[in-house]
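The values are calculated or read from the model by the stated rules, or taken from the named source; none is laboratory data. Everything numeric in this text was worked out from a predicted model, so none of it was measured. Cβ: placed from backbone, ideal geometry, glycine included. Neighbour counts: every protein chain shown.
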Amino acid sequence: MKGELSLPSSKFEVMLDAGHDSNQVGYSTSIQENEYTKEVTSRLYELLKGNDDIKVSLTHELDEPLSLTKRLEVIEEEKPDILISIHAGYDPSPNLRGMRIITQLPTNPEHDNSVLLAKEIQKAFDDESNFVAVGYYYYVPTHNEKVALAFVPLEDKGIREYETLNILQSESVPTVVVEGLNINNPEEVAELTTEETYQKTAQQYYQAILEMKEKLESSK
Ligand SMILES: [Zn+2]
């Protein structure tokens, strides 16, 4: 009978990854990157929790450090519909500002959905005052046997034989890494780390997630 059927949970599942924690603090300037990621992730988590159509989870509790390896295990076990890893970026030039969104590589089976998610986030944040770049990160070998992280714009789909960030390597979960600001730009930091702007940032992510949910559900 129709009314007695109990279907498995079909909620849209969003997993958030606060990209840093008290063990891996990330970039450190006038603020520490792990503070920024925690402030944004905790507010976005609360917004998502308030939506009955969404299941929200975290790769790690915000006050409990967890290694990247373990976080990758959590992701593969949980297999959310989307994963957003929240960071701040760092540019040596203190005058540069803006957000950078990193997608999965063209060779990854989730590439297209990763780009779709990146574009929704870009749309939610892009305005005259805030430039949002979308692209790939590659670990490119340098002359002294080290590797440097190189950013390649999305338009450049040429296949490269290099690895990207570990968190972007899942082949079953559409994932993006977002670097929300240039943590080396004191003006941008001051502007985007107030109670009000943290809340606004979380709202913008939330809007992008709702759009993405709709896109994925209508394509099923
Ligand atoms: Zn980071």
**Fill in**
Restricting attention to the stretch 67-103, the residues that are over 17 Å from the mean Cα position of the chain (by Cα) and among the aliphatic types (A, V, I, L, M) number exactly 1
**Filtered residues of the stretch 40-69 (kept if closer than 13 Å to Gln203 by Cα and within 14 Å of the ligand (Cβ to nearest atom))** = Val40, Thr41
**Prompt:** How about the stretch 154-186: which of its residues are free of Cβ contacts under 8 Å to residues at least 40 places away in the same chain and of a type in the set (Ser, Thr, Tyr)?
**Reply:** Tyr162
**Item:** Residues of the stretch 166-191 that turn out to be surrounded by fewer than 20 Cβ atoms within 10 Å (Cβ to Cβ) and either within 16 Å of the ligand (Cβ to nearest atom) or within 30 Å of Pro109 (Cβ to Cβ) (or both), as a count
**Value:** 5
**Request:** Return the only residue of Glu161, Glu179, Glu171, Glu196 being at pLDDT 95 or above and part of a loop (DSSP other than H, G, I, E, B).
**Result:** Glu171
**Fill in**
Subset of the stretch 22-37, residues in a loop (DSSP other than H, G, I, E, B), within 11 Å of the ligand (Cβ to nearest atom) and of a type in the set (Ser, Thr, Tyr), comes to Tyr27
**Asked** Is it true that some residue in the stretch 85-104 is among the hydrophobic types (A, V, I, L, M, F, W, C), modelled with pLDDT under 95, closer than 27 Å to Val152 by Cβ and away from the ligand (no atom under 16 Å from the Cβ)?
**Response** yes
**Request:** Just name the residue that is modelled with the lowest pLDDT out of those in the stretch 17-64 that are surrounded by fewer than 17 Cβ atoms within 10 Å (Cβ to Cβ), among the small types (Gly, Ala, Ser) and within 16 Å of Leu181 (Cβ to Cβ).
**Result:** Ser30
